[in-house]
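As structure tokens, the structure follows; a few thoughts come after it.
The values are calculated or read from the model by the stated rules, or taken from the named source; none is laboratory data. Please read all numbers here as calculations on a predicted model, not as lab measurements. Glycine gets a Cβ as well: all are built from the backbone with ideal geometry, and neighbour counts include every protein chain shown.
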Amino acid sequence: MAYKTGNRMQASFLPSSIEEYVSADAPVRVYDAFVDALNFHELGIPLEPSTHGGADEYYPKQMLKLVIYGYSYGIRSSRKLERACNDNLSFIWLTGDLKPDYRTISRFRSKYKDALKKVLKQCVRVCVELDLIEGNMLFVDGSKFRANASINNTWDKERCEQYIRRIESQVDELIEQSEQIDTQEENEQSLIKLKGQIHKKEQMVDRIKGVLNSLAVNGKDNINTTDADCVKAKNLQGTHAAYNVQSAVDGKHGLIVHAEAVSQSNDYNQLSRQVEASCAVLENEPQHVCADAGYSSVDDLKSISPKINIIVPSHKQAQEENKRCPVRSFDKEHFSYNEQQDEYLCPRGKRLKFKDIPEPNKRRYQADGAECRACPHFGDPAKDKCTQSPNGRYITRLSNEKFKEQLEADYKRPENQAIYRLRKQTVEHPFGHIKRNLGAGQFMLRGSSKINAEVSILATCFNMARMITVIGISDLLIKLAKC
């Protein structure tokens, strides 16, 4: 049996036209047709050439095709995109053999970052027109993506003050050394070098004081000097400078309806914002919205339209399901609230009367201390007792406690449990595709505006992959031509 070998000296010819470089059912044709179906006027990208003088520009539509298609195969670097335009036949076909350099690609991405943020919105409208997005059920989740910045460049007030004290101490030592040799070596190199070091240290102190001022003005706990919009976030790999990417996914085929990167390390108070943004894209309200316990902010959920069925477990319910925090005999769940008397009754029938308002949205109810001390269940709660406080057991009630109880009851309904079971396989699939298949677990750009342009393109790439899977290339090309 012989080996098959190649011969680089073999005479060969490419097809006579670039159109023949790719087959009729090549995926690149879908990306080409998709960008042709977009409304560039709404995107804010002019297709008419400028009437002012100057060098010729690359056609924006072909540049957008290059960026989206590149991202869909994990090619995000402008230098790698330039290389693909020279070496990859599908890229050569897509651009019509144009070969923009990496500076041109980078300038296009930066110049039209606001337009790139609108690409996902138009992609969703195309999906709605193709009956791929129903808008009846939304799943919302967040995932941490690393920022293009080091965690070592994240500064808080304490670190700034420590650094300033250390630098000022070093400056004092350098000044003392320079004074000692000032009279002896006025024009010597050692004195000039010392004064240069002092100047650099003083400049560093000024920069750190500027960081302290930014922390005070913006009301932040910490700030990264490389990318001021990123936050310090913790995940399984450790603590990093990161963005929290929020994604709202439609329940029909798992297509992304809305996605954005937020400067927040958790998902708290984010659900109403994501639902509102998704409704604006869909121009309609979904019937069901589902998210995990990370979104369980009662005040935030209260602001969502009452017509929408909210399926979000409380932190307590999530802990019970994960068997991390079993319900004890004297937990709040076993105390009953009497709305008419505005008081709680403990499992043994003792009354907890209204005492005070410890916080604006909370009310505190407390039992009589003498009755609690005389109760056989008085003792350490860790040992399944009620309380060991000599002042008596107290319970805190939210101003929206009734709404919270309704949410917990709704979550337990069988039909809502069936929807919640679909959450992981629906909403976490896009994050897995973007991070693993597209290799985009870390952003390349900096600043929230550029980051959200990148998020929009990545989410569009996922939707394109799903569209190809659900409809097929040939049928999808026909449908996109009609859009």
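Scanning segment 402-411 for residues that are touching a residue at least 40 places away in the same chain (Cβ under 8 Å) and within 20 Å of R328 (Cβ to Cβ) yields a count of 2. Could you tell me which residue of segment 306-332 is modelled with the highest pLDDT, considering only residues that are farther than 22 Å from V140 by Cβ and in contact with a helix residue (DSSP H, G or I) (Cβ under 8 Å, 6 or more places away or on another chain)? Of everything passing the filter in segment 306-332, F330 is modelled with the highest pLDDT. In segment 310-347, which residues are within 16 Å of G294 (Cβ to Cβ) and touching a Leu at 6+ places or on another chain (Cβ under 8 Å)? Matches in segment 310-347: I310, V312, S314.
G254 meets each of the listed conditions (1) on the phi > 0 side of the Ramachandran plot; (2) in contact with a strand residue (DSSP E or B) (Cβ under 6 Å, 6 or more places away or on another chain) apart from (2).
Being without any contact (Cβ under 8 Å) to a residue 60 or more places away in the chain, outside the structural domain of D36 (by TED's automatic domain parsing), closer than 27 Å to L38 by Cα and not aromatic (F, W, Y) is a property that holds for H433. Can you spot a residue in segment 257-267 that is over 25 Å from C123 (Cβ atoms) and in contact with a helix residue (DSSP H, G or I) (Cβ under 8 Å, 6 or more places away or on another chain)? Within segment 257-267, one or more residues are over 25 Å from C123 (Cβ atoms) and in contact with a helix residue (DSSP H, G or I) (Cβ under 8 Å, 6 or more places away or on another chain).
Looking only at residues in segment 59-101 that are in a helix (DSSP H, G or I) and aromatic (F, W, Y), which one is nearest to N437 (Cα to Cα)? By that ranking, first place goes to Y71.
Looking across segment 439-448 at every residue that is in contact with a helix residue (DSSP H, G or I) (Cβ under 7 Å, 6 or more places away or on another chain) and either buried (at least 16 other Cβ atoms within 10 Å of the Cβ) or in the same structural domain as Y112 (by TED's automatic domain parsing) (or both), the one that is farthest from C230 (Cα to Cα) is identified as A440. Residues of segment 209-225 that are in contact with a Lys or Arg (Cβ under 7 Å, 6 or more places away or on another chain) and either modelled with pLDDT of 70 or more or closer than 18 Å to Q442 by Cβ (or both): N222 alone. Pairs please, first residue from segment 70-83 and more than 15 Å from D101 (Cα to Cα), second anywhere and not basic (K, R) and not in a helix (DSSP H, G or I), Cβ atoms under 7 Å, 6+ apart in sequence or on different chains. Within 7 Å, the pairs are Y71/L438; G74/L438; G74/G439. Looking only at segment 284-317, count how many residues are touching a residue at least 60 places away in the same chain (Cβ under 8 Å), surrounded by fewer than 16 Cβ atoms within 10 Å (Cβ to Cβ) and over 12 Å from K404 (Cα atoms). Qualifying residue count, segment 284-317: 2.
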